[in-house]
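We did not get these values from a lab; they are worked out from the coordinates using the rules stated. This structure is a prediction, so every number in the text was calculated from the model and none was measured. Glycine also receives a Cβ, built like all others from the backbone with ideal geometry; neighbour counts cover every protein chain displayed.
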Amino acid sequence: MENCSLMLCGGTTMKSNESKNHVSWCLKQKRGVKLEEPNDNLCTVYNKKAKSALNMLTSATKQDEVDWIATTAYYARYFAFYGLLQKCGIKSEIHDCTISLMRFLFVEKELIKEQFYHELQLAKELREDMQYYVTEELDKEKLKKDAETARSFVLKMEEVADTITEEQINQLRDKIRSR
């Protein structure tokens, strides 16, 4: 696992301890995890980007544009979670590192249910499958379910961003510092 920069190594979901190791790896990367000043404005900007992606998801779904359904469903989630990270003053330019932060920080502190972590992982996998493995058979049911749950994911991330306390933010930041 130490040399593995991907969230999913060998097609398996990371366990909690692997998530910690991955975050440690991410902290050492140039574009990996960094602490910044918490920023409500950037949180708002990323929430707007998430809603824009949801609007495009609606359009892609109506047009049955499967590549764009997968892409917009993923980015709606990613932007919503990234907005929450910005509110906490946490930056990560590596998607796998960003996703690891969800489990390492928010799931382990029980601020977000683990199902949302798995949804974000699945959405990323679907987007990558559509982008890089065009010869594989498409699982339209999996894609449809992914699209249907994107909106509730975005709403949940906004809810957490609206209700997270300064004390909780400081605890999350301290957890990163301790890695």
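What distance in nm separates the two pseudo spin-label positions at ASP174 and LYS144, each 7 Å out from Cα along the beta-carbon direction?
Distance between label points: 4.8 nm.
Quick check on the chain: what does the Kirkwood estimate of hydrodynamic radius come out to from the alpha carbon pairs, in Å?
16.5 Å
Name the trypsin sites (Lys or Arg not before Pro) in region 22-53 that are in a loop by DSSP and that have at most 12 other C-beta atoms within 10 Å, would you?
LYS28, LYS30, ARG31
What translational diffusion coefficient, in µm²/s and rounded to a whole number, does the Stokes-Einstein relation yield for region 103-151 at 10 °C and a viscosity of 1.306 mPa s, taking the hydrodynamic radius as the Kirkwood radius over Cα pairs?
Details: Rh = 12.0 Å.
The Stokes-Einstein estimate is 133 µm²/s.
Using 0.36 nm per residue of separation minus the Cα-Cα distance, give me the extension gain between GLU159 and LYS109 in nm, one decimal.
Difference between extended and current length: 16.4 nm.
List THR72, THR44 from most exposed to least, where exposure is judged by having the fewest other Cβ atoms within 10 Å.
Ranking THR72, THR44 by Cβ neighbours within 10 Å, fewest first, gives THR44, THR72.
With charges only on Cβ, +1 for K and R and -1 for D and E, what is the dipole size of the chain about its Cα centre, in debye, rounded to 20?
Values: 28 positive and 29 negative charges, 101 e Å.
The dipole of the chain has a size of about 480 debye.
Which of the peptides 155-161, 99-105, 62-68 is most tightly packed, and how do the rest follow, judged by the mean count of other Cβ atoms within 10 Å per residue?
Highest mean packing first, the order is 99-105, 155-161, 62-68.
Mind checking the angle between helix 166-177 and the chain's longest principal axis? C-alpha axes, 0 to 90 degrees, to the nearest 10.
Rounded to the nearest ten degrees, it is 90.
Classify region 23-117 as rounded, prolate or oblate, taking a ≥ b ≥ c as the square roots of the eigenvalues of its Cα gyration tensor: rounded when a/c is under 1.5, otherwise prolate if a/b is larger than b/c and oblate if not.
Taking the square roots of the gyration eigenvalues as a ≥ b ≥ c, region 23-117 is prolate.
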